[in-house]
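I have placed the structure first, in the form of structure tokens, so that the comments after it can refer back to it.
The values are calculated or read from the model by the stated rules, or taken from the named source; none is laboratory data. Predicted model only: the values in this text are computed from it and were never measured. Please note: Cβ atoms are built from the backbone with ideal geometry, for glycine as well, and neighbour counts cover all protein chains shown. For the accessible areas, the whole protein counts, side chains as well, though only heavy atoms, and no ligand, DNA or RNA atoms are used. Shrake-Rupley method; radii C 1.70, N 1.55, O 1.52, S 1.80 Å.
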Amino acid sequence: MKQPNNPLHGIKLATMVTELQEKFGWEELGNRIKIRCFTHDPSIKSSLTFLRRTPWARTKVEQLYLKSIIR
């Protein structure tokens, strides 16, 4: 299904989290998005597990990712 108006179409959650972590680091990512998976013993795997089960947190990550690629 095509989604021409969705800038996140085709971008995996793992890619978003990895790129945000590389750009900001875990500490800054935890400051920008106050969720435990970024502030307490963070890892890509544990963050993905949490974000896939928590829609509101995933939305925050997607919003930050969009802001970071626009700049």
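The table below gives the values:
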| read-out | value |
| --- | --- |
| Pairs, first open to solvent by 70 Å² or more (accessible area, probe 1.4 Å) in segment 17-38, second among the hydroxyl-bearing types (Ser, Thr, Tyr), C-beta under 9 Å, six or more apart | GLU19/TYR65; GLU19/SER68; LYS23/SER68; GLU27/THR39; ASN31/THR39 |
| Some residue of segment 34-53 being part of a loop (DSSP other than H, G, I, E, B) and touching a helix residue (DSSP H, G or I) at 6+ places or on another chain (Cβ under 6 Å) | yes |
| Close pairs (9 angstrom Cβ cut-off, 6 or more residues apart or separate chains): at negative phi in segment 52-71, part of a helix (DSSP H, G or I) and among the β-branched types (Val, Ile, Thr) anywhere | VAL61/VAL17; TYR65/THR15; TYR65/VAL17 |
| Scan of segment 1-33 for residues that are under 19 Å from ILE70 (Cα atoms), assigned to a helix (DSSP H, G or I) and of a type in the set (D, E, K, R), ordered by number | GLU19, GLU22, LYS23, GLU28, ARG32 |
